[in-house]
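Down below is the structure, laid out as structure tokens.
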Amino acid sequence: FQQRVVHGLRVLAGSSVSTVSTDKEPSNAAGSIVKTVTNTGWKPGQNTLTPEVVKPGKFVNHSLGWQPWVAPMEKADFTEAHLDSLIKPERIDMPYFRLLARDPAALRARTVTDLDIFYNTQGGLGRAERELAATVASRYNGCEYCASVHQARAKEEGGDADAIHRLLDEGIQADLGSAQWSAIRDAAVALTSTPFAFNDTHMAKLREVGLDDLSIIDVINSSSFFNWANRLMLTLGEPDVPKRFR
């Protein structure tokens with residue numbers, strides 16, 4: 001998360017930074033060739049660790065459940081420090097947050113950062129566009145659960161539902177119907193792919209569609225945060241289709 005934010009802010013400030021080239025294989029410090037892994041698109045995987053869970057098999061435009069592979073804390077074991085780390089008390093009913101509460105200091109820092117990125121409306125990018133960036137990152141990374149949550153929030157905040165559904169169904173190359181959403185999508189994909197893929201070209205496109213510095217910072221933060229958040233969801237548990245949608 002922080003690596004992507006720092007790089008994004010350097011590009012915003014006009015610093016000269018290296019960019020990723022797809023013309024040749026990169027080398028490591030010792031001179032050995034480092035093979036480039038090409039993202040060929042998300043594909044549903046077989047569920048082998050939690051057989052009672054029904055995975056979605058595709059990106060969906062409805063809510064999903066989530067089941068952890070590691071046992072979350074029991075509510076009865078929460079101390080004041082654990083409760084404080086939730087920030088929002090109702091999250092004690094969510095297995096994901098009860099699992100992260102095993103490290104209350106980290107959870108609190110994570111949640112404060114999350115809420116400031118997505119709910120601080122004192123200037124900057126619109127809420128729907130921040131949620132779009134989160135959905136794009138989740139779609140690229142193959143995190144069905146995060147995508148289901150943030151596609152809904154993007155629509156709730158007035159985002160183009162048809163464009164969001166195309167993003168879920170067709171992938172990150174889908175026609176989003178507007179130059180601004182396309183520029184945000186391209187920036188989010190670059191930051192999610194690897195920090196140095198985000199460069200002056202993306203910055204110029206964001207400027208062209210009317211984004212000021214605060215708005216661009218919101219694009220950087222939203223994309224970078226969910227590149228990291230996806231990895232928590234993907235490595236700690238499985239998305240689960242609620243019975244009403246099976």
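Read-outs throughout are calculated quantities, based only on the coordinates presented, and are distinct from any laboratory measurement. Owing to the predicted nature of the structure, the values given are computational and were not obtained by experimental measurement. Cβ placement follows ideal geometry from the backbone for every residue including glycine, while neighbour counts extend to all protein chains displayed.
Worth a mention:
- Computed over the chain: relative contact order in percent, which uses C-alpha pairs under 8 Å that are six or more apart: 31 percent
- Summarising the amide proton neighbourhood of Trp66: residues at separation of 5 or more, or on other chains, whose placed amide H is nearer than 5 Å comprise Asp240.
- Count of Lys pairs (Cα-Cα under 26 Å; at least 8 positions apart or interchain) in the chain: 16
- Taken as Cα centroids, region 74-128 and region 223-241 sit 15 Å apart, rounded to the nearest whole angstrom.
- Among 130-140, 183-193, 151-161, sorting by the average number of other beta carbon atoms lying within 10 angstrom of each residue, highest first, gives 130-140, 183-193, 151-161.
- Peptides 93-102, 108-117, ordered by how many other C-beta atoms sit within 10 Å of their residues on average, highest first, read 93-102, 108-117.
- Per-peptide average of other Cβ atoms within 10 Å, ordering 5-12, 63-70 highest first: 5-12, 63-70
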